[in-house]
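Peer 1: Questions regarding the structure given below will be posed in turn.
Derivation of every value follows stated rules applied to the coordinates shown; laboratory data play no part. This one's a predicted model, so the numbers in the text were calculated from it and none came from an experiment. Because the Cβ atoms are built from the backbone with ideal geometry, glycine has one as well, and the counts that use them run over all protein chains shown.
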């Protein structure tokens with residue numbers, strides 16, 4: 001194992017997933033990449049007085065803060081790579097794992113029940129179904 005990719009959304013579950021990913025990576029001498037996905041905005045240019053680029057830049061700044069907070073929770077000396085993606089969270093994570101040749105994709109689960117998954121969707125559930133590589137869902 002050389003590369004572990006972990007999805008981060010700022011939730012306690014994703015921070016737990018990051019810690020687990022770092023622990024696993026440490027045992028194999030693998031590198032860790034923390035990835036935050038900003039849903040692709042469908043706003044036209046100049047929506048609300050902002051351009052799409054300005055809106056995306058604002059979201060990227062927030063993503064950087066979330067990734068920094070997750071990285072700070074890892075063991076001292078851990079220096080994970082950080083990646084900001086745009087798109088559907090599950091699809092973007094799976095595509096990034098495949099493109100970066102991650103040996104393991106780690107995501108957190110917020111523990112929503114079946115009704116919530118049907119109504120809201122589930123990133124972790126979708127990742128498990130569409131990924132062609134190993135996935136660890138941390139509860």
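Peer 1: In nm, give the distance between the simple-model label positions of residue 28 and residue 12, each being 7 Å from the Cα along the Cα-to-Cβ direction.
Peer 2: 2.9
Peer 1: Using the alpha-carbon centroid of each, what span in Å lies between the stretch 55-87 and the stretch 1-42?
Peer 2: Using only Cα atoms to place each centre, the spacing works out to 10 Å.
Peer 1: Does anyone have the angle between helix 52-72 and the longest principal axis of the chain? Alpha-carbon axes, 0 to 90°, nearest 10?
Peer 2: On a 0 to 90 degree scale, this one is about 20.
Peer 1: Round to the nearest 10 and give me the degree value, 0 to 90, for the angle of helix 12-28's Cα axis relative to the longest principal axis of the chain.
Peer 2: Its long axis makes an angle of about 40 degrees.
Peer 1: I've got another one for you. Under the rule of -39500 (n - 2.57) per DSSP H run of 4 or more residues, summed and divided by the residues of the chain, what mean residue ellipticity at 222 nm is obtained, to the nearest 500 deg cm²/dmol?
Peer 2: Values: 5 runs with 64 residues, N = 139.
Calculated mean residue ellipticity at 222 nm is -14500 deg cm²/dmol.
Peer 1: Suppose each label sits 7 Å from its Cα in the direction of the beta carbon; what would the residue 2-residue 129 distance come out to in nanometres?
Peer 2: In this crude label model, residue 2 to residue 129 measures out at 3.2 nm.
Peer 1: Here is a further query. Provide the FRET efficiency to the nearest 0.05 for the residue 139-residue 62 pair, computing r from the beta carbons and using R0 = 35 Å.
Peer 2: Values: r = 26 Å, r/R0 = 0.74.
It comes out at approximately 0.85.
Peer 1: Let me ask something additional. How much length is gained on full extension from residue 20 to residue 98, taking 0.36 nm per residue of separation minus their Cα-Cα distance?
Peer 2: Numbers: separation 78, 0.36 × 78 = 28.08 nm, distance 2.03 nm.
Taking residue 20 through residue 98 to full extension adds about 26.1 nm, to one decimal.
Peer 1: With springs connecting C-alpha atoms under 10 Å apart, model the chain as a Gaussian network and identify which of 80, 89, 39 has the largest mean-square fluctuation.
Peer 2: The residue that fluctuates most here is 39.
Peer 1: Under 8 Å for C-alpha pairs, at least 6 residues apart: give me the relative contact order for the chain, rounded to a whole percent.
Peer 2: 33
Peer 1: Where both residues lie in the chain, what percent of DSSP beta bridges are antiparallel, nearest 5?
Peer 2: Around 5 percent of the beta bridges assigned by DSSP in the chain are antiparallel ones.
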